[in-house]
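Written below as C-alpha cells is the structure these notes are about.
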Amino acid sequence: MSGPARKPLFAAAALAIAAVIALVASMTLDGELEVASPGSVVPVNAGASDPSDISANNSPALARNPERPANLVVVNRVDTPRYTCGIHVSQDGGARWSSRSIAIPRGEQPKCFAPDAAFAADGTLYVSYVTLAGRTNEPNALWLARSTDGGRTLSSPRRVSGPLSFQVRVVTDPRRSQRVYVTWLQPEEIGLALFTGADNRIVVARSDDGGRSFGAPVRISDQARQRVLAPSPAVGPDGELYVLFLDLQDDRLDYEGGHGSRGGAPYEGHFSLVLGRSTDGGETWQESLVDDTIVPTRRFIAFLPPTPSLAVDRRSGRIFVAFEDGRERPSDVRLWWLDRGADAWDGPTRVNDTPANDRSTQYLPKLDVAPDGRLDVAYYDRREDRADRRNHVSLQSSSDGGATFTSHVRLTDRSFDARIGAGSEMGLPDIGSRLGMVSRSSSAAVVWTDTRAGTISSNKQDIAFAEASVTSSGGLSPAVRHVLRYGAIGLMLAAVGLLVVQARRRPGRERPTA
C-alpha cells in the first residue's frame with residue numbers, strides 16, 4: 001500500500017483509538033458522589049419554636065430565585081387551627097426565614113389553602129392558592145399572585161378559575177419568562193372528603209403575560225380515566241410541558257371515601273402513573289403510561305393525596321418519575337425514566353438502600369435535577385424505627401441518570417412521629433402531600449413536614465429546612481462525562497466515514513476485453 005493510501009487508514013485508526021479512550025474515561029473515571037450530612041436543621045415557620053402555636057404546617061414547596069440564588073421561598077398548607085397558607089422567605093440561603101401573608105381577595109372568606117410557588121427565569125415569583133367557602137370548606141376560586149422582590153411583597157391576586165379547583169400547581173417556562181402554567185384537578189362533583197361524578201379531569205391553563213391573564217383550561221387526562229389525582233407539572237428543555245398524575249383505577253375506597261376517613265389496610269388493587277405531554281404550549285396532549293402496576297401503600301383522603309414527583313434533565317431531556325410503591329411491603333421509593341424520543345419507560349428502580357423486605361417504610365419521594373445532570377431524591381424514611389412509626393428524611397443522589405445511587409444520608413437531626421397530623425384520631429394522620437427540594441451543582445436543599453414539637457393530641461406540625469453538599473470524590477463531573485461519551489460517538493462515526501471514503505477511492509480491477 002502506498003504512502004498516500006495509508007494516511008486515511010492511519011487517521012481512521014487514530015480516531016477510533018481516541019474514541020475508545022474517551023469512552024473508557026467516561027465510564028471508568030466517574031468517581032463517586034459524596035453527600036455530606038448537613039449542619040443544624042433550620043425551622044422555617046415562625047411558630048416552630050413556640051409551644052403555644054399548635055398550627056399544622058405541612059406539604060411544603062421550595063423555590064429558588066435564579067437571579068439571586070440565596071433568595072429562597074417556601075409555601076405550605078396550614079390545616080389547623082384554621083385553614084390558611086404559609087409563605088416564608090429567606091435572603092441568605094435558608095439560614096434565616098421570615099413569614100409573609102397572602103392576601104384574601106374581597107368577597108372571599110378568610111380561608112386560604114394548598115399554595116404552590118415557582119420562580120420565572122427573570123426572578124419573578126408566582127404563588128398559586130385557592131380560597132375556601134362554606135361549612136364544608138370547598139374550593140371557591142383559584143388565584144395567582146406575583147412578586148418582583150423575591151417574595152417580600154405580593155401583588156393583588158388574579159383569578160384563574162372558579163369553584164372546585166383541587167391540588168393546584170404552578171410552573172414556569174425557563175425559556176419564556178412571561179409564560180406560566182397552572183394545573184389542577186377539576187372534578188364534576190364532590191361529597192364530604194370524596195369525589196363523585198363521572199367527569200373528573202386534570203386540566204391546565206396558560207398565561208403568556210406573566211400571570212395577568214389566562215386562557216381557558218385545557219383537559220389533560222383522558223375522559224376514560226375517571227379517578228385521577230395529584231397533578232405534578234414540569235417543563236422540558238425545548239419548552240415542552242409535562243404533567244404527571246395518578247389514576248386510581250377502580251379504587252373507590254380512597255377516591256369515593258369508602259373507608260369513611262378511617263385508617264386500615266390500603267386498597268388491594270393497583271394504581272397507574274400517567275404522564276401527559278404537550279409540545280404546543282398545552283393546547284393538545286398525548287398520554288404516556290409510566291406504570292399501571294403501582295401497589296398502594298396506605299389509605300388517604302382523596303382531597304389530600306400523596307403526590308408523585310416529576311423532574312426533567314434540561315440538558316438531555318430525560319424525564320424522571322418517582323413514587324412510593326408497596327410491591328415489597330410496606331413501601332419503597334421507585335424510580336422510572338424516559339429518554340428523549342423514546343416511547344418505553346425504563347424502571348422501576350428501587351432507590352432506597354434498605355435491605356429487601358426489611359419491613360420499614362420509605363415514602364413520598366421528591367426529585368430534582370441539578371444543572372450538571374445529577375439526580376437527587378429526598379424522601380421520608382423509617383428504617384431506624386423497628387416499630388415503623390418515626391420518620392427521618394433521607395437524601396440519595398445519582399450521577400448516571402438514575403442507574404445507581406449513593407448511600408443514603410440523613411438530613412434530619414432527630415426522628416419525629418409520623419402519626420402526628422390532622423386525622424390522627426381516626427387512624428389516618430396526614431403528614432402532607434409532598435416534600436420540597438431544589439438542587440444546585442454542589443448541593444440539594446430540602447424542606448419537609450416535621451412533628452418533633454407536636455403530639456398526637458396537639459397535631460402540631462412545622463416546616464424544617466436543611467441543605468446538604470453533594471460533591472464528586474475525584475473522577476469526572478457529570479457534565480464532562482457527558483461530553484466525553486458523545487465525543488466518543490462522534491469520533492467513532494468519523495473513523496467509519498474515513499474508512500468508507502477510502503474504500504470508495506480504491507481502484508477496481510479492470511475487466512478483460514474481448
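The values are calculated or read from the model by the stated rules, or taken from the named source; none is laboratory data. Not measured: the values here are computed from a predicted model. Methodologically, a virtual Cβ is constructed for each residue, glycine included, from the backbone with ideal geometry; neighbour enumeration extends over all protein chains shown.
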| remark: The condition from (1) surrounded by fewer than 21 Cβ atoms within 10 Å (Cβ to Cβ); (2) touching an Asp or Glu at 6+ places or on another chain (Cβ under 8 Å); (3) under 26 Å from ARG329 (Cβ atoms) that ALA453 misses is numbered (3)
| Qualifying residue in segment 323-330 (condition: under 20 Å from GLY257 (Cα atoms) and not aliphatic (A, V, I, L, M)) | no
| said: Condition first: surrounded by fewer than 22 Cβ atoms within 10 Å (Cβ to Cβ), assigned by TED's automatic domain parsing to the domain that holds ARG419, more than 17 Å from TRP336 (Cα to Cα) and of a type outside the set (Val, Ile, Thr). Can you find one or more residues in segment 373-381 that meet it? | reply: no
| task | Evaluate segment 308-328: report whether one residue or more is out of contact with any Pro (no Cβ under 6 Å at 6 or more places or on another chain), polar (S, T, N, Q) and under 21 Å from ARG219 (Cα atoms). | result | no
| said: So in segment 277-298, with the set limited to residues that are part of a strand (DSSP E or B) and among the acidic types (Asp, Glu), which one is nearest to the chain's Cα centre (by Cα)? | reply: ASP291
| task | Give the residues of segment 442-453 that are in a loop (DSSP other than H, G, I, E, B) and either modelled with pLDDT of 95 or more or of a type in the set (Phe, Trp, Tyr) (or both), sorted by residue number. | result | THR451, ARG452, ALA453
| query | Could you give every pair whose Cβ atoms fall below 9 Å, whose first residue belongs to segment 208-224 and is under 18 Å from LEU154 (Cβ atoms), and whose second residue is modelled with pLDDT under 95 and not basic (Lys, Arg), counting only separations of at least 6 or pairs across chains? | reply | GLY210/SER177
| request: Only one of these is closer than 24 Å to ALA198 by Cα and of a type in the set (S, T, N, Q): SER278, SER272, SER309. Name it. | output: SER272
| message | Residues that are of a type in the set (Lys, Arg), part of a loop (DSSP other than H, G, I, E, B) and out of contact with any strand residue (DSSP E or B) (no Cβ under 9 Å at 6 or more places or on another chain): does segment 210-228 have at least one? | response | no
| said: Looking only at strands (runs of 3 or more DSSP E) that lie completely in segment 330-403, which have at least 2 residues being under 26 Å from THR455 (Cα atoms)? | reply: 362-369, 375-381, 390-398
| said: I'd like the residue in segment 142-191 that is basic (Lys, Arg) and within 21 Å of ARG314 (Cα to Cα) and, out of all such residues, is surrounded by the fewest Cβ atoms within 10 Å (Cβ to Cβ). | reply: ARG175
| request: Would you check if ALA234 is over 22 Å from the mean Cα position of the chain (by Cα) and aliphatic (A, V, I, L, M)? | output: no
| Identity of the residue in segment 263-288, touching a residue at least 40 places away in the same chain (Cβ under 8 Å) and among the hydrophobic types (A, V, I, L, M, F, W, C), that ends up surrounded by the most Cβ atoms within 10 Å (Cβ to Cβ) | LEU273
| message | Looking only at segment 454-473, how many residues end up being among the charged types (D, E, K, R), more than 11 Å from LEU411 (Cα to Cα) and in a strand (DSSP E or B)? | response | 1
| request: Report yes if some residue within segment 148-161 is in a loop (DSSP other than H, G, I, E, B), more than 26 Å from LEU194 (Cα to Cα) and either of a type in the set (Asp, Glu) or out of contact with any strand residue (DSSP E or B) (no Cβ under 9 Å at 6 or more places or on another chain) (or both); otherwise report no. | output: yes
| Is it the case that TYR126 is within 16 Å of ASN65 (Cα to Cα) and either buried (at least 22 other Cβ atoms within 10 Å of the Cβ) or hydroxyl-bearing (Ser, Thr, Tyr) (or both)? | yes
